[in-house]
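Asks: My questions will all concern the structure given below.
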Amino acid sequence: MTEENAIYYCLQCGTNKFKSVRANQFFCESCGFTYFQNIASSVAAIIECRNQILTCVREYDPCKGMMGLPGGFVDREESAELALKREIFEEVRIAVSEMHYVGSFPNVYQYKGVEYHTLDLFFSLRLKEKPQITIGDEIAAIEWIPREEITYEQFAFESMKKGLRRYLNGRSKA
Ligand SMILES: [Zn+2]
(Lines give C-alpha, C1' and ligand atoms only; values in the text may rest on other atoms or scores of the structure.)
Protein backbone atom coordinates (compact mmCIF):
# COMPACT_ATOMS: atom_id res chain seq x y z
CA MET A 1 0.00 0.00 0.00
CA THR A 2 1.38 3.39 -0.95
CA GLU A 3 1.18 6.38 1.33
CA GLU A 4 -1.16 8.20 -1.10
CA ASN A 5 -4.05 5.72 -0.92
CA ALA A 6 -3.49 4.46 2.62
CA ILE A 7 -6.23 4.80 5.24
CA TYR A 8 -4.99 5.88 8.64
CA TYR A 9 -6.79 5.55 11.96
CA CYS A 10 -6.35 8.08 14.71
CA LEU A 11 -4.17 6.87 17.57
CA GLN A 12 -6.36 8.81 20.01
CA CYS A 13 -10.02 8.46 18.87
CA GLY A 14 -9.76 5.58 16.39
CA THR A 15 -11.69 7.23 13.55
CA ASN A 16 -10.42 7.21 9.98
CA LYS A 17 -10.28 11.02 9.93
CA PHE A 18 -6.53 10.81 10.52
CA LYS A 19 -4.86 12.43 7.52
CA SER A 20 -1.31 12.93 6.34
CA VAL A 21 -1.29 16.73 6.11
CA ARG A 22 2.35 17.30 5.20
CA ALA A 23 5.64 15.44 5.25
CA ASN A 24 6.01 13.66 8.60
CA GLN A 25 2.79 15.15 10.05
CA PHE A 26 -0.62 13.55 10.66
CA PHE A 27 -3.73 15.40 11.87
CA CYS A 28 -7.09 14.02 13.05
CA GLU A 29 -10.06 16.00 11.69
CA SER A 30 -12.28 14.39 14.29
CA CYS A 31 -10.46 15.05 17.59
CA GLY A 32 -7.60 17.35 16.63
CA PHE A 33 -4.83 14.93 17.56
CA THR A 34 -1.52 15.67 15.85
CA TYR A 35 1.24 13.13 15.34
CA PHE A 36 4.71 13.62 13.87
CA GLN A 37 6.17 10.55 12.21
CA ASN A 38 9.75 11.77 12.14
CA ILE A 39 12.46 10.07 10.15
CA ALA A 40 14.85 7.64 11.79
CA SER A 41 18.63 8.01 11.74
CA SER A 42 20.83 5.20 10.60
CA VAL A 43 24.56 4.80 10.09
CA ALA A 44 26.74 2.78 7.73
CA ALA A 45 30.47 2.11 7.58
CA ILE A 46 32.64 2.11 4.48
CA ILE A 47 35.62 0.12 5.75
CA GLU A 48 38.64 0.12 3.45
CA CYS A 49 41.82 -1.93 3.68
CA ARG A 50 44.43 -2.15 0.89
CA ASN A 51 42.03 -0.68 -1.67
CA GLN A 52 39.31 -3.18 -0.81
CA ILE A 53 35.92 -2.38 0.68
CA LEU A 54 34.30 -4.58 3.32
CA THR A 55 30.84 -5.55 2.11
CA CYS A 56 28.22 -7.74 3.74
CA VAL A 57 25.58 -10.00 2.28
CA ARG A 58 22.28 -9.23 4.01
CA GLU A 59 20.84 -12.21 5.88
CA TYR A 60 17.32 -10.85 6.27
CA ASP A 61 14.76 -8.76 4.45
CA PRO A 62 14.51 -6.06 3.35
CA CYS A 63 16.77 -6.91 0.42
CA LYS A 64 17.88 -10.32 1.71
CA GLY A 65 20.88 -11.58 -0.28
CA MET A 66 21.89 -8.18 -1.59
CA MET A 67 25.06 -6.34 -0.68
CA GLY A 68 25.17 -4.07 2.29
CA LEU A 69 27.57 -2.25 4.55
CA PRO A 70 27.96 -2.72 8.29
CA GLY A 71 25.51 -0.42 10.03
CA GLY A 72 21.98 0.04 11.28
CA PHE A 73 19.57 2.26 13.13
CA VAL A 74 20.69 4.73 15.76
CA ASP A 75 19.18 3.97 19.16
CA ARG A 76 17.51 6.54 21.38
CA GLU A 77 19.98 8.77 23.22
CA GLU A 78 22.87 7.39 21.16
CA SER A 79 25.28 9.37 18.98
CA ALA A 80 25.86 8.43 15.35
CA GLU A 81 29.49 7.61 16.16
CA LEU A 82 28.56 5.28 19.02
CA ALA A 83 25.85 3.65 16.91
CA LEU A 84 28.37 2.96 14.19
CA LYS A 85 30.86 1.38 16.60
CA ARG A 86 28.09 -0.71 18.16
CA GLU A 87 26.72 -1.90 14.81
CA ILE A 88 30.17 -2.74 13.43
CA PHE A 89 30.88 -4.80 16.51
CA GLU A 90 27.48 -6.53 16.40
CA GLU A 91 27.78 -7.43 12.73
CA VAL A 92 31.46 -8.16 12.07
CA ARG A 93 32.90 -8.25 15.60
CA ILE A 94 35.64 -5.70 15.09
CA ALA A 95 36.38 -2.74 17.33
CA VAL A 96 37.08 0.53 15.52
CA SER A 97 38.16 3.97 16.64
CA GLU A 98 38.91 6.62 14.05
CA MET A 99 36.21 7.39 11.50
CA HIS A 100 35.56 10.13 8.96
CA TYR A 101 32.20 11.56 7.97
CA VAL A 102 31.38 10.98 4.29
CA GLY A 103 27.87 12.40 3.96
CA SER A 104 24.19 11.70 4.51
CA PHE A 105 21.53 10.45 2.12
CA PRO A 106 17.80 9.84 2.63
CA ASN A 107 16.44 6.34 2.25
CA VAL A 108 13.16 4.43 2.36
CA TYR A 109 13.32 1.18 4.31
CA GLN A 110 10.50 -1.33 3.77
CA TYR A 111 9.89 -3.74 6.62
CA LYS A 112 6.84 -5.99 6.95
CA GLY A 113 4.65 -3.68 4.92
CA VAL A 114 5.68 -0.48 6.67
CA GLU A 115 7.73 2.25 5.00
CA TYR A 116 10.32 3.85 7.24
CA HIS A 117 11.88 7.04 6.00
CA THR A 118 15.44 7.33 7.21
CA LEU A 119 18.45 9.57 6.98
CA ASP A 120 21.53 7.40 6.52
CA LEU A 121 24.86 8.80 7.70
CA PHE A 122 27.96 7.33 6.09
CA PHE A 123 31.37 7.16 7.71
CA SER A 124 34.62 5.79 6.35
CA LEU A 125 37.31 3.90 8.21
CA ARG A 126 40.68 2.76 6.97
CA LEU A 127 42.42 -0.28 8.38
CA LYS A 128 46.11 -1.00 7.85
CA GLU A 129 45.67 -4.74 8.28
CA LYS A 130 42.69 -6.93 7.55
CA PRO A 131 41.16 -7.93 10.85
CA GLN A 132 39.95 -11.38 11.78
CA ILE A 133 36.24 -11.15 11.09
CA THR A 134 33.60 -13.19 12.83
CA ILE A 135 30.19 -12.90 11.24
CA GLY A 136 27.69 -11.61 13.75
CA ASP A 137 24.10 -10.43 13.65
CA GLU A 138 22.15 -9.92 10.41
CA ILE A 139 24.99 -10.87 8.07
CA ALA A 140 25.06 -13.98 5.85
CA ALA A 141 28.62 -13.49 4.57
CA ILE A 142 31.28 -10.85 4.10
CA GLU A 143 33.42 -10.03 1.12
CA TRP A 144 36.32 -7.65 0.56
CA ILE A 145 35.76 -6.13 -2.89
CA PRO A 146 38.47 -4.13 -4.70
CA ARG A 147 37.25 -0.54 -4.98
CA GLU A 148 37.49 -0.73 -8.82
CA GLU A 149 35.13 -3.72 -8.84
CA ILE A 150 32.35 -2.18 -6.77
CA THR A 151 29.11 -2.25 -8.76
CA TYR A 152 26.53 0.00 -7.16
CA GLU A 153 23.55 -2.03 -8.47
CA GLN A 154 24.41 -4.91 -6.12
CA PHE A 155 23.73 -2.77 -3.07
CA ALA A 156 20.45 -2.92 -1.23
CA PHE A 157 19.64 0.76 -0.80
CA GLU A 158 19.81 3.93 -2.87
CA SER A 159 21.50 5.71 0.02
CA MET A 160 24.29 3.11 0.07
CA LYS A 161 24.93 3.54 -3.64
CA LYS A 162 25.21 7.30 -3.15
CA GLY A 163 27.37 7.06 -0.04
CA LEU A 164 29.77 4.63 -1.72
CA ARG A 165 29.88 6.74 -4.87
CA ARG A 166 30.73 9.85 -2.90
CA TYR A 167 33.46 8.03 -0.98
CA LEU A 168 35.01 6.23 -3.96
CA ASN A 169 34.93 9.29 -6.22
CA GLY A 170 36.10 11.68 -3.58
CA ARG A 171 39.01 10.02 -1.85
CA SER A 172 42.43 8.78 -2.83
CA LYS A 173 43.34 5.11 -2.62
CA ALA A 174 44.32 3.68 0.73
ZN1 LIG B 1 -8.78 11.52 16.50
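The values are calculated or read from the model by the stated rules, or taken from the named source; none is laboratory data. Worth saying up front: this structure is predicted, and the values here are computed from it rather than measured. Every residue, glycine among them, receives a Cβ derived from its backbone with ideal geometry; neighbour counts consider all protein chains shown. Heads up: the accessible areas ignore ligands, DNA and RNA and are worked out on the full protein's heavy atoms, side chains in. Shrake-Rupley method; radii C 1.70, N 1.55, O 1.52, S 1.80 Å.
Asks: Using a Gaussian network for the chain with springs between C-alpha atoms less than 10 Å apart, which of these wobbles most: Lys161, Lys17, Lys85?
Replies: Highest fluctuation of the listed residues: Lys17.
Asks: So, one more: If I model a spin label as a point 7 Å beyond the Cα along the Cα-Cβ vector, how far apart are those points for Ser20 and Arg93 in nm?
Replies: Result for the modelled spin labels: 4.2 nm.
Asks: Taking the solvent-accessible surface of protein heavy atoms with a 1.4 Å probe, what is the per residue accessible area of segment 1-59 in Å²?
Replies: On the way: 3530 Å² over 59 residues.
Accessible surface, normalised per residue, equals 60 Å².
Asks: What lysines does Lys161 reach when the alpha-carbon gap must be under 28 Å and sequence neighbours fewer than 8 apart in one chain are set aside?
Replies: Partners within reach: Lys64, Lys85, Lys112, Lys128, Lys130, Lys173.
Asks: Using θ = phi - 60° and the Karplus relation 6.51 cos²θ - 1.76 cosθ + 1.60, list the HN-Hα couplings for segment 91-99 in order, rounded to whole Hz, with x at every Gly or Pro.
Replies: 8, 10, 6, 10, 9, 10, 10, 6, 9
Asks: Amide H of Ile47 versus every other amide H placed in the peptide plane: which residues, excluding those fewer than 5 positions away on the same chain, fall under 5 Å?
Replies: Leu54, Leu125
Asks: While we're on this one: Once both labels are modelled 7 Å past Cα along the beta-carbon direction, what's the Tyr116-Glu158 spacing in nm?
Replies: 1.8 nm
Asks: Under the rule of at least 5 residues apart or a separate chain, name every residue whose amide H is placed under 5 Å from the amide H of Ile142.
Replies: Result for Ile142 returns Val57.
Asks: For the chain, set up a GNM with springs between Cα atoms under 10 Å and report which of Pro70, Pro146, Pro106 has the largest fluctuation.
Replies: The residue with the greatest mean-square fluctuation here is Pro146.
Asks: If you take the C-alpha gyration tensor of the chain, multiply each eigenvalue by 5 and take the square root, what semi-axes do you get, largest first, in whole Å? Can you show the working numbers first?
Replies: Details: eigenvalues 260, 48, 44 Å².
Those come to 36, 15, 15 Å.
Asks: Something else now. Just the number, please: Stokes-Einstein D of segment 80-174 in µm²/s, Kirkwood Rh from C-alpha pairs, 20 °C, 1.002 mPa s.
Replies: The estimated diffusion coefficient comes to 144 µm²/s.
Asks: Checking the cross-link filter: which aspartates and glutamates have an alpha carbon closer than 19 Å to that of Lys162, excluding same-chain neighbours under 8 positions apart?
Replies: Those aspartates and glutamates meeting the cut-off are Glu48, Asp120, Glu148, Glu149, Glu153.
Asks: Moving on to the next point. Is the shape of segment 1-100 rounded, prolate or oblate, going by the alpha carbon gyration tensor and its root eigenvalues a ≥ b ≥ c, with a/c under 1.5 for rounded and a/b larger than b/c for prolate?
Replies: Details: a/c = 3.67, a/b = 2.39, b/c = 1.53.
Verdict is prolate for segment 1-100.
Asks: Then there's this: Quote to one decimal, in nm, the extra length available between Arg126 and Arg166 on full extension: 0.36 nm per residue of separation minus the C-alpha distance between them. List each step's numbers first, then the result.
Replies: On the way: separation 40, 0.36 × 40 = 14.40 nm, distance 1.57 nm.
Here the segment from Arg126 to Arg166 would lengthen by 12.8 nm.
Asks: Still on this model: Can you tell me the order of 90-98, 74-82 when each peptide is scored by its average per-residue count of other Cβ atoms within 10 angstrom, highest first?
Replies: On the way: 90-98: 15.0, 74-82: 12.7.
Result, highest mean first: 90-98, 74-82.
Asks: If I compute solvent accessible area with a 1.4 Å probe over the protein chains, what percent of it on the chain is carbon and sulfur? Walk me through the numbers on the way to the answer.
Replies: Values: 5060 of 10330 Å².
About 49 percent, which is the carbon plus sulfur part of the accessible surface.
Asks: Between Leu82 and Glu138, take the C-beta separation as r, use R0 = 22 Å, and let me know the FRET efficiency to the nearest 0.05. Before the final figure, lay out each step's value.
Replies: On the way: r = 18 Å, r/R0 = 0.83.
According to the calculation, E is roughly 0.75.
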